[in-house]
Every structure is written in structure tokens, then in C-alpha cells.
1. Can you compute log10 of I(q)/I(0) for the chain with the Debye formula, treating each Cα as one identical point scatterer, at q = 0.06, 0.07, 0.08 Å⁻¹?
2. In the stretch 425-490, what is the volume of the convex hull around the alpha carbon atoms, normalised per residue and reported in Å³?
3. With each pseudo-label sitting 7 Å past Cα toward Cβ, what's the ASP317-GLN452 distance in nm, one decimal?
4. Give me D for the stretch 269-402 in µm² s⁻¹, whole number, from Stokes-Einstein with Rh from the Kirkwood sum over alpha-carbon pairs, 25 °C and 0.890 mPa s.
5. In Å³ and rounded to a whole number, note down the convex hull volume per residue for the Cα atoms of the stretch 121-225.
6. Computed over the Cα atoms of the stretch 471-541, what is the convex hull's projected area averaged over all directions, in nm²?
7. Calculate, in nm to one decimal, what ARG438 and GLU483 gain on full extension: separation in residues at 0.36 nm each, minus their alpha carbon distance.
8. Assuming a viscosity of 0.890 mPa s and a temperature of 25 °C, what translational diffusion coefficient in µm² per second does Stokes-Einstein assign to the stretch 381-487, Rh being the Kirkwood radius over Cα pairs?
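What follows is calculated from the coordinates using simple rules that are stated; it is not laboratory data. Keep in mind that what you see is a predicted model, and the values were worked out from it rather than measured. With ideal geometry, Cβ positions are generated from the backbone for all residues, glycine too; neighbour counts draw on all protein chains shown.
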Amino acid sequence: MTLKKIRSILFLALFTALAGRLFAGTPPSPETTKGPLPDSQVLLIFVDSLRPDIVDLMVEKGRLPNIKKFFYDKGLRFQNFFSTFPSLTVNAYTCLITGKRPDQSGLKAQSLFERFPTRKKNIMKRMFFIPEKFPRYFNMLTNVEKAPAVLKQNKAKALYDYLGEKYHTALVPVSPSAIPWAWPHVASNEVDHAYFVTTEAPAMLDDLNGKYAVRYMVPDTRAKLLIVWFTLLDEEQHRRERGQFDEAVQKEMDNVDEWLGKIYDGLVRESNGRQPYVILFSDHGAYGGQNGVYNQPYYIGRDLFYRIFKMNVRGPDYTISHAGTDLASYAYIDNMGRGQARIFLPAGDSTSGNWERPNTFYELTHYGLGPNRKPVDLVSELLNINLESRNKFPGTIDPHPIDLLFVKLAEDLVYVARRGGIEALIEIGREGEHLRYRYRPIRNFSQDQTGQCTFEETSSADPFGYLTDPKFRAEDRAAFLQEFHDDREWLEATYETAYPDAVTAVARALSWKPELSHLARSQDPDLWISAASGWNFRIEDINGADHGAILKDALRSTLMLSGPHIRTGTESAPHRLIDLTPTLMQLVGYKKKTDFDAAAIENIYENA
């Protein structure tokens, strides 16, 4: 082919292309199309336990310049964004990456307790006759491979399953690979003594995750969703009396702000000026520290079950035993997060050795403590613990450390109580895949040996205070409480109260979807307690802030969005953590079918 012919072909091709564009009209500009820009990256800055009011406070003081630029000068801030119960990192983050509620994923807390096996042993254990000892328990924050294994066993897909190589995280609480492949390299180069990397790295986790993000996540052109976890604010608040209101704790946020700027600038540079979406997110909030009122520790395993009930006690990270006793007989108390505790007991009597099922309500109120000892009413004993003699804030903080107590009576019925005989029942109705709930204030609840329950209905008081809370949003609250309502209706009615979304949160925490209902007898707690404001169930003698409880400050989380087409301002409508998952998938342009429990958040775009 001659040079002249080549020039002619190129000229004709160029003319045809230009003519096609001229006659076809100008394509719509990305700036005028609805929804997110196509082929976008999303940077999710995950700050463990960050309270949204702390961000507001620091920005007002002229701090956090990058956060101010992205989320206050522009961007959208959610004023009522709520976590799950218990408000703990592993199960809350699991809700985020699966888009599923606890009853659907089967991952209910940060510790897993199994009374007896519910699945066959794996092939290797069967081949080599390796025994499994039950009951057994796992701390899923430190036993990092356990949570992904639970999700896989329960057939709950996560973001890493949907997105594959488009999903890139630094070290995070739940991941199919415990540590990103290059993360140990970053850590060993940054610690003072490489041979002590496992002990030195946790104290530097925020900087290590930030450096990993800059060095390995930013250049990853395949990645669409990038998640960077910052955890030291949470670690510090547990050790400080003023919690997140302490200057030393807030300095951790100054550091997060710096890393946000560095990671964002790197992404813009790598993409030749294209702006990613930026999200500031926390998995839960925290309670304690405000106005100088810190949470006081009540070591419930030691001070009640060990010393008074004379039981051996096990927990996710502690063991207490009486000399000369049967070490296989114990109470397991999962107090992770320190604002809640799930209690697992042998059936009927502390010395029975029977782990075949949870106790009935009758057994809990007539619980045996061994030969020659009178049975105890555990419900009454727990609710009436009085620490008046050691309460550091008399007149401000109630001396009773347990705020609320929950007992699962049946798959569709949960008992709720607070001190003073204030009780309620949560009734769960199932309509296909959808649940509806009724919250019935009652009094004088009891159960006999046959399982027959008796109670009286009341309209004078209820455990969550909905009957009297002026912020309960229902024109006729008595009529509202007489009927069943869905998840959304309960959230909208309660989000401004002291216990937002409590009915659905407790119901979901204690129920199972039908495909997982076989796990209930093995994994359901006998009792579940939530700490009162000013108290926790800590095993360490430390005053600080905590989470895990069903209190509003522990449930209220941070969510802020910024990026192309995201509108500027605040959003007061209430949302849950699981609402963010489909929103993330919308932002990254994922079009395939998903199995989420919620839909993408609406009204976030300025042109929608």
C-alpha cells in the first residue's frame, strides 16, 4: 500500500468519525447525567468507633482540614446513621461487607460460642481422626480467619466475592486473606525492631495501613473500592476517662485526616486528575467520656459468677477457675466491646455439664448452683446488682450497671426487661423473607416448668421508654405499639429516642433465617445484657469509653460522602449500616445481581 493510499484512508476515517459525531448530536456531558460517574473509584476511610459529633467538634475548632474540605465545604453528612446490635467491630463490619443483617449472615457478635457441633468435621480432621472439643469458643477479632469461614459456611456473599480484584483493602477486621500480601513488608520496614513486628505493629496500625494504602492501593488501577481501616482512636478511647473528648484521642483523628489527604492526592495523581468518591465511615459509635463522666468497670464474670455464684468462668480473653472443681463446668461470658455481655450456661444447673440447649426462662429464674445450694433467679439477680458504694458519680449515674436484659423465649418471641419490673415482649412475624415486629409492654411475666407463659399487658412503662419518650415519632403511640411494623417503620418511629432501632436490632440479633435456624440451639445465648450509661463489663480496672451497648451513642455512627454529583449539605432521614453496602456498589458501577437486605440510599446526588 502506498503512502498516498494510507493518507487517503486515514483522512476518510477521520472525516467519517467527525461527521458521525456532528450529525448524531453532542453526547450528554457526565456533569449533567444522573447518578454517579461511570468507572469511578471509591475510597472508604473506616475509622473504628468514630462519633459523628466528635468530627463536628473538631472541625468547628479549625482542625481536620481535609475532612472539612471534603465533607463540610461540600459533600453530604448523615445525621442519623446507625450500627447494629451489639455495636462491635467484627459483626458491624460484616454487615457492611455482606449487606446483610445478623440473622441473615449468621454472624451475631465478635465472639463465637458453640455448645455442640452443627456441621461435619472437615475432610482432613475426618481422615486423621482429629477430635473437636465442645463447647468451644473463638475471639473473632484475634482469630481472624474464623469470621470469613463463618460467612462461607453460611453462604453469605461479601464484597470481596462480588468485586474480586476490584476490591482492595489494607488490614481490615474481616477478610478472606488475614493480611494483604505486601502488608507485612510495610510493617517490617516501619517498626523499630523487625523481629518484634507482631508486638510493635498494633501500636502503629493506623500509620501502617496508611502507608500500605499509599504504596500499594493507590497504584492499583484495577481497584474500584478501596477500604482503609484506622483503629487507634478506638484503642485510645478505651483507656481515657474522657473517651473521644480527650485531646490525646482526638490527635488520632488529626492523623487520619493527614492520611486521607495523602491517599486522595495519590489517587487523583494516578488517574490523571479524575476525582474518586470519598466516604468517611465508622462501624459504630461510643458512649462515655462526655462532661467528664466515664464508664466504670464492673467485672461481672469475677464479681458475680465467680465470687457469689461460685462458678468457673470463661471468656473470649480470660479464664477464672476454682481449685479442685470440674473445669468443664463454667459460665461463658462474652463481654467483647465491654458494653454488652452474652451469657452461656449449662442447662438447669451450673454443675450439670449439659450443653445440649439454652436454658428456658423458668430454668433461668430457678437456676441451680450445685448440691446443697438454693437455686437463684438470675434475671432478678442481674437486674438488681447495686454498686452504690463504689459509684463515682452519685446523682448523675444510676448505681445499677445493667440497663437492659434480653432472653429469647422462642424463635419468634424475645423477652426484654429493666429493673423495677419494667418488661416487654418483642413478637416477630415472618412474611416470606420479610419480618414484622410488635413491641408489647407487659408486667409480671413468668414461665412454669411446662413452658407456659403468663403476663399482664400495661401502658404505664416499657424497657425502651417508648411509651413516654417525647421523641417517639407516632401520632398515636398506643395504637402503634399494638400493631406489627416492618424494619423501616420501626427505624423511623424510634431514631430520635434514647434507644433508636432497638426493637428490630434485638430481634435480628436473636433470630435466624430459616436456612440457619439449626444453629440456634448451639449458638444462642441464655441471657444477653446491655450496660447502663456510666458502666461497662470490663475485666480491666480502667475507666474509659466503650461500645457494644444498645445505647444511642454506641449505635450512632459516622457516614459522610463526597465526590462527583454528590449533593452538599446534611441528611436527617435515618439510615442503617446495611444501607451503605448497595450504595457502594452503585458508586463503583456494579451492575450484576446482588443479595443485599437493603437498597442504595436515595437522594444523595445533586442532580437526582
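1. Results for the chain at q = 0.06, 0.07, 0.08 Å⁻¹ read -0.34, -0.46, -0.59.
2. 102
3. If labels sit at ASP317 and GLN452, their model points lie 4.8 nm apart.
4. Estimated via Stokes-Einstein, D reaches 138 µm²/s.
5. Per residue, the Cα convex hull of the stretch 121-225 comes to 143 Å³.
6. 7.4
7. Contour length minus the Cα-Cα distance gives 15.6 nm.
8. Estimated via Stokes-Einstein, D reaches 157 µm²/s.
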